[in-house]
Amino acid sequence: MTRDLLYGVQVPGGSGWSILLRRQQALRLTAQGPDASVSMLVYAAADTTERLNVPDTLKAQMAAAVRAPMTLMSDMGKALLSVTASSLDWHDAITGHGLDADIAARFGGTTYQSARNEWRRSARTCLLEELRVHGLDNRDLHATVNWFTKIAPADDAAGSLRFVPGHAREGDFVELRAEVDVFVVLATSPHPLNPDAQWRPAPVRADVFAVDAPAADDAARQFRDESSRSLVMAERSCA
Amino acid sequence: MSTSSQNRTQQQFLDVVIDAGDGWIGDIPAGSLFRVVDLHGNQAVDTLFYDAHDLTNRFSAVDTIRFQGAVYLTTGSVLRSVNGDPLATIVEDTCGRHDTIGGACAKESNEIRYGEHTRFQHACRSTFVRKAAERGLTKRDLTHNVNFFMNVPVTSTGGLSFADGVSAAGKYVELRAERDLVVLISNCPQLNNPCNGYDPTPVQLLGWSQ
């Protein structure tokens, strides 16, 4: 079984980053502090109008949260990424990510001039910057997966939501295998429903590995017929 | 919660029926009231909202959910844009619950969900791209929609299902436009799950100006 570390990047809290992740590569994200949050957008590198579709991903796999061994499906029915392993059984995908207005209201606004690289930027601002330097823009936004974040619905009539503090601790991880070549954009700003009175975004380690394509007995393939079919669609597009 | 009808003195500007599997795109001015009527019951109405003066400031299901701190849409729910701006508010709801995490069906997702035999069946995304093109919008402009009259319960253990419709013939939902809107609708043609009671039917749109 191939598993060779290609390179790693330490992403500071409150920052944006993007990466072209090729088929037969995996991205492992490791929380470097409590309540880390990684809001992620995913696009098919061959055609960025094909992108992660959270509703399709959730309804096909009958889930209100992302967890191993689900696949993350595009709007064209393809598995873009598979969640091959995680120390956590819940990653949010239904509450989006923060806007600068949230941060200004809670923590006060900052500028680069006043705070240098400690300025408080929302996940949206970080994601848009990465999109724009790649020729994409706000038309390309979609619902993010918020790795390490748990926002649990109550079993009440409204489906009330509650942020679960302490869900992610230092060392928690998730590993994502690319099923086609994908463009991944991420931001490490705190989730806006995190009630922490202090701004202390946790850094995240991002390591890229060379891995094998999913085998016949791969966990995602065996998870559900829908997950398996999404892998077949990805394989056909790479054939 | 469900609320009931009220007297109205406004000028009616819209009264159209959307056939099963067809769509609609049109303008709803700020301050006007916009009603979707489930004429025959258990009909999912996939709906997207755009700020008419900035089409990139479009409906966002996840921002809507985060701002209200709850999953389901009903009376009092404010439908938010991707920038957090209020686009519309649900002011009446005789159904009681609407979905915004189930998205729209597409031919490609049908094949994933139901198998190869459904690949060539009509789907909401086909209607969305056809009607969106009338206003110069493309697939990039399609985002996760509201499903009026659709029931997609989630559980505290992370489960999600497409449950039988909570709607019935004559139930309706009414919204107040909080700014000038472009509204895009697919009257869902899905045959493979209970969202349309396995029998897609027409719906009616009504609008009253301020």
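The values are calculated or read from the model by the stated rules, or taken from the named source; none is laboratory data. Just so it is clear, the structure is predicted and the values come from calculations on it, not from any experiment. Every residue, glycine among them, receives a Cβ derived from its backbone with ideal geometry; neighbour counts consider all protein chains shown. Accessible surface areas use protein heavy atoms only, side chains included; no ligands, DNA or RNA. Shrake-Rupley method; radii C 1.70, N 1.55, O 1.52, S 1.80 Å.
Keeping all protein chains in place, calculate the accessible area per residue for the protein assembly as shown (probe 1.4 angstrom), answer in Å².
37 Å²
Rounded to a whole number, what is D in µm²/s for chain B from Stokes-Einstein with the Kirkwood radius over alpha-carbon pairs (37 °C, 0.692 mPa s)?
D, rounded to a whole number, is 194 µm²/s.
Work out Dmax and Rg for the range A:1-79 from the C-alpha atoms and quote the Rg first, both in angstrom.
14.2, 36
Across bins of 5 angstrom width beginning at 0, how are the C-alpha pair distances of the range A:65-116 distributed, in whole percent?
4, 15, 15, 15, 11, 9, 13, 14, 4, 0
Taking the convex hull of the alpha carbon atoms in the range A:153-239, what volume per residue do you get, in Å³?
Each residue corresponds to 179 Å³ of Cα convex hull volume.
For B:F128, what charge total do you get from the other residues with a beta carbon under 10 Å from its beta carbon, if Lys and Arg give +1 and Asp and Glu give -1?
+2
At what distance in angstrom do the alpha carbon centres of the range A:93-153 and the range B:89-128 lie from each other?
The distance from the Cα centre of the range A:93-153 to that of the range B:89-128 comes to 29 Å.
Among A:M40, A:M76, what's the order by accessible area (1.4 angstrom probe), most exposed first? Can you show the working numbers first?
Numbers: A:M40 0, A:M76 65 Å².
Largest to smallest exposure gives the sequence A:M76, A:M40.
If Lys and Arg each add +1 and Asp and Glu each add -1, what is the summed charge of the other residues whose beta carbon sits under 13 Å from the beta carbon of B:F148?
-3
Go through the range B:122-157 and flag every residue whose accessible area shrinks by 50 Å² or more with all protein chains in place compared to the isolated chain (probe 1.4 Å).
When all protein chains are present, B:K139, B:R140, B:H144, B:S156 each give up 50 Å² or more of accessible surface.
Is the C-alpha gyration tensor of the range B:73-188 telling us rounded, prolate or oblate? Criteria: a/c under 1.5 is rounded; beyond that, a/b larger than b/c is prolate, otherwise oblate.
oblate
Taking Cα centroids, how far is the range A:160-239 from the range A:1-72 in Å?
Between the Cα centre of the range A:160-239 and that of the range A:1-72, the gap is 4 Å.
Does the range B:16-101 come out rounded, prolate or oblate by the C-alpha gyration tensor, with a ≥ b ≥ c the root eigenvalues, rounded set by a/c under 1.5 and, if not, prolate when a/b is larger than b/c and oblate if not?
oblate
If we count every other residue with Cβ under 14 angstrom of B:F49's Cβ, Lys/Arg +1 and Asp/Glu -1, where does the sum land?
-3
Evaluate the relative contact order of the range A:3-238 (contact order divided by residue number), counting alpha-carbon pairs under 8 angstrom at least 6 apart; express in whole percent.
Over the range A:3-238, the number comes to 42 percent.
I'd like the orientation of helix A:225-238 relative to chain A: the angle between its Cα long axis and the longest Cα principal axis, in ° from 0 to 90, rounded to 10.
80 degrees
Taking N as the number of residues in the protein assembly as shown, what value does Rg over Cα atoms divided by 2.2 N^0.38 Å take?
The protein assembly as shown yields a ratio of 0.95.
Using the charge dipole of the protein assembly as shown (Lys, Arg: +1 at Cβ; Asp, Glu: -1 at Cβ; taken about the Cα centre), state which of A:T84, A:A115, B:T64 has its Cα farthest towards the positive end.
The listed residue farthest towards the positive side: A:A115.
Helix A:123-132: angle to the longest alpha-carbon principal axis of chain A, degrees 0 to 90, nearest 10?
Approximately 60 degrees, to the nearest ten.
Could you work out the mean projected area of the convex hull around the alpha carbons of the range B:126-210, in square nanometres to one decimal?
7.8 nm²
Run the simple label-point estimate for B:F120 and B:H53 please: 7 Å along Cα→C-beta, distance reported in nm.
Spacing of the two 7 Å Cα→Cβ label points: 4.8 nm.
Could you quote the convex hull projected area for the range B:110-167, Cα atoms only and averaged over all directions, in nm²?
If I average the Cα hull's projected area over directions, I get 5.9 nm².
Which of rounded, prolate or oblate describes the range A:45-199 when judged by the alpha-carbon gyration tensor and an a/c cut-off of 1.5?
Details: a/c = 1.77, a/b = 1.19, b/c = 1.49.
Taking the square roots of the gyration eigenvalues as a ≥ b ≥ c, the range A:45-199 is oblate.
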